[in-house]
Amino acid sequence: MEDNDIIKVGSAEEIITPGELIPFGEYKYLPKAKGKKDDIFVRALYLESSKEKSLIVVCDVMGLYKDFVDRIRKKIEEYLQIPANNIMIVAVQNHSAPQTLWYEEGKTLPEGKLKEWFLFFEKQICKSALKAKENSTESFFSFGEGKVETIGANRRPISKSGRVIMTWYRPKEEDIIDWGIYDPSVKVIKITDIKSNLTTVLFHYSCHPNVLWATGLYSSDFPGRAGEIVKMVYGEKVIPIFLNGFCGDIDPFKNMRVPIEAFCAPEVFGPSSKVEMCIPESERFGNILGGEIVKVVSEANNPISFHTLKIVSTYIKVPLANWKLFNDRAEEMEIQIIAIDNFMAFIGVPGEPFLTLELELEKKSPYLWTIPLGHANGYYGYIPDKNSYDKGGYGVGESQTNLSPGGGEKIIEEIIHILKNIYLKTA
């Protein structure tokens, strides 16, 4: 162990909702947002030991390109003297936010009104980082795990033909032979100060927040509602931070109690569209998730103090398919790990890995609490497991992934190797 000082933790949040209607995340279908349901946020978690400083910034947007991430890291490094490689910038895959992907790559920022919002977004990220650092204090961690069975589901069920039928097409029960895996677990980390005041609630759940995309309304969707429940119970000063896992093949469509024309393109844009029905569904899912989080927080009463931080940011080479998407450095992928003592590790991967890879990572990790995060430090497209390619469906084709079969497993193998080295060095 490095020392006996207790790790300091700080958290903060800032609103990033645009003040006007600008290009929407699902711009291919909805070129401009239609309004606002609720606010979207950037939230920062600051961690400091006697020898290291680190920052995890979580943004209520669909994804972020590497050029923007590196720009923000450099600004925060200059502003707060936190090394850029110690900063993790995470998107939560929220589809009800401004367009942050698919603008012309190679440009630092898009143009027009969207550029103005990006500059505001940048400013709010830095502001949240500063506040989180200023709020930091010696803190204790408590851990708990709950289950939510009725939100996320595998969106790639296998039909009798052996091929995938995506759940957004509402396949019939009798046509499906395998509904695929999903993980109902909700990991909750409760952070308190030395006076036992609750300051931060981290909740990790692997599922696309894309219930509301067809409404065209800015929103933080069901994870945002879950965060509201936490604040309603524990007070406005508590910062709820949603950590999305490897959700590349997990979303809520199977469990949505609405007709297909409420959420599935192109039906959703026809005269019989019922997109407004998605709003109470988002609230329902958020209430379920929020209620489970509150339950776990109330039962997590064994606070632990930690002392060391170990941070690794490295680039690994990955096997490519015969095409190249999303990234002008497709052969390289940044993997970032922020480990706390020999107990917990946050693992950032820049894309949308399938859930099988998360479960494999958690199984083989030496850390008791392993927190995989997708959409971290850039966007690399989908990262399927090797068994998914020959089954077809969205997420494995030429327009969705850079990787050849086995690429996902190669990434997990590399991460496990890094984790084991860090773990041994911290022992």
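Need the full-extension length gain, residue 120 to residue 170, defined as separation in residues times 0.36 nm minus the C-alpha distance. One decimal, nm. The partial results should precede the final answer.
Working: separation 50, 0.36 × 50 = 18.00 nm, distance 3.93 nm.
That pair, residue 120 and residue 170, stretches by 14.1 nm at full extension.
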> If you line up the long axis of helix 355-364 against the longest principal axis of the chain, both from Cα atoms, how many degrees apart are they, to the nearest 10?
Replying inline: 30 degrees
> Averaged over all directions, how much area does the convex hull of the C-alpha atoms of the stretch 39-130 cover when projected, in nm²?
Replying inline: 5.8 nm²
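Tell me, in nm to one decimal, what length is gained between residue 138 and residue 260 on full extension, where the rule is 0.36 nm per residue of separation less the Cα-Cα distance? Could the numbers behind the result be given before it?
On the way: separation 122, 0.36 × 122 = 43.92 nm, distance 4.96 nm.
Going from the current span to full extension adds 39.0 nm.
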> Where the centre of each part is set by its Cα atoms, how far does the stretch 1-56 sit from the stretch 129-180, in angstrom?
Replying inline: 21 Å
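Rounded to the nearest 0.05, what FRET efficiency is calculated for residue 21 and residue 273 with R0 set to 22 Å and r the Cβ-Cβ distance?
Working: r = 19 Å, r/R0 = 0.85.
Efficiency at R0 = 22 Å is approximately 0.70.
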>> Run through the stretch 22-109 and list the trypsin sites (Lys or Arg not before Pro) located in a DSSP loop whose Cβ has at most 12 other Cβ atoms within 10 Å.
In response: 28, 51, 107
>> Which order do the peptides 245-253, 415-423 come out in when sorted by mean C-beta neighbours inside 10 angstrom, highest first?
In response: 245-253, 415-423
> In degrees, nearest 10, range 0 to 90: what is the angle between the Cα axis of helix 278-299 and the longest Cα principal axis of the chain?
Replying inline: 30 degrees
> How many nm is it between the label spots at residue 424 and residue 363, if each spot is 7 Å from the Cα in line with the beta carbon?
Replying inline: 2.3 nm
>> Restricted to Cα positions, what overall size does the stretch 263-321 have along the principal axes? Three whole-Å values, descending.
In response: 59, 46, 12
>> Give the lysines whose C-alpha is closer than 28 Å to that of residue 386, dropping any in the same chain fewer than 8 places away, or say none.
In response: 66, 147, 160, 172, 187, 254, 317, 324, 363, 364, 410, 420
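Which whole-number percentage describes the relative contact order of the stretch 223-355, with Cα contacts under 8 Å and a sequence gap of 6 or more?
Working: 146 pairs, mean separation 35.4, N = 133.
Dividing the mean separation by the residue count of the stretch 223-355 yields 27 percent.
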>> Suppose we look only past 32 Å in the calculated P(r) of the chain. What percent of the Cα-Cα pairs does that tail hold?
In response: 32 percent
> Which of rounded, prolate, oblate describes the stretch 209-269, given a ≥ b ≥ c as roots of the alpha-carbon gyration tensor eigenvalues and a/c under 1.5 marking rounded, otherwise prolate only if a/b is larger than b/c?
Replying inline: prolate
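Among DSSP beta bridges lying fully in the chain, give the percent that are antiparallel, nearest 5. If you can, show how the numbers build up before the last one.
On the way: 56 of 76 bridges.
Among the beta bridges of the chain, antiparallel pairing accounts for roughly 75 percent.
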>> Using only Cα atoms and rounding to the nearest 10 degrees, what angle (0 to 90) does helix 407-426 make with the longest principal axis of the chain?
In response: 10 degrees
> Using a Förster distance of 22 Å, how high is the FRET efficiency between residue 39 and residue 232, based on the Cβ-Cβ distance and rounded to 0.05?
Replying inline: 0.90
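Calculate the FRET efficiency for residue 79 and residue 195 from the Cβ-Cβ distance with a Förster distance of 35 Å, rounded to the nearest 0.05. Present the calculation step by step, with values, prior to reporting the outcome.
Numbers: r = 29 Å, r/R0 = 0.84.
E(calc), rounded to 0.05, equals 0.75.
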> Calculated from DSSP H runs of 4 or more alone, at -39500 (n - 2.57) each and per residue, what is the 222 nm mean residue ellipticity of the chain, nearest 500?
Replying inline: -8000 deg cm²/dmol
> Say a paramagnetic label sat at a point 7 Å from the Cα of residue 150, along Cα to Cβ; which residues of the stretch 213-229 have their backbone N under 17 Å from it?
Replying inline: 222-223, 226
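Can you bin the stretch 246-365 into rounded, prolate or oblate? Criterion: square roots of the alpha carbon gyration tensor eigenvalues sorted a ≥ b ≥ c, rounded for a/c under 1.5, prolate for a/b above b/c, oblate for the rest.
Working: a/c = 3.20, a/b = 1.26, b/c = 2.54.
Oblate.
So, by mean Cβ neighbours within 10 angstrom, what's the order for 212-225, 160-173 with the highest one leading? Can you show the working numbers first?
On the way: 212-225: 25.9, 160-173: 14.4.
Put in order of decreasing packing, that is 212-225, 160-173.
What GluC sites (Glu not before Pro) does the stretch 214-293 have in DSSP loop regions with at most 13 other beta carbons within 10 Å? Each step should come with its number before you reach the end.
Numbers: sites: 228, 236, 261, 267, 276, 281, 283, 292; in loops: 236.
Of the GluC sites (Glu not before Pro), the ones in loops of the stretch 214-293 whose Cβ has at most 13 other Cβ atoms within 10 Å are 236.
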> Equivalent-ellipsoid semi-axes (√(5λ), Cα gyration tensor) for the stretch 90-203, whole Å, largest first?
Replying inline: 37, 29, 9
> Per residue, what volume in Å³ does the convex hull of the Cα atoms of the stretch 166-244 enclose?
Replying inline: 119 Å³
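Each value in this text was obtained by applying a stated rule to the coordinates, not by laboratory testing. Predicted, not measured: the structure shown is a model, and the values here were computed from it. For neighbour counting, all protein chains shown are included, and Cβ atoms are generated from backbone atoms with ideal geometry for every residue, glycine included.
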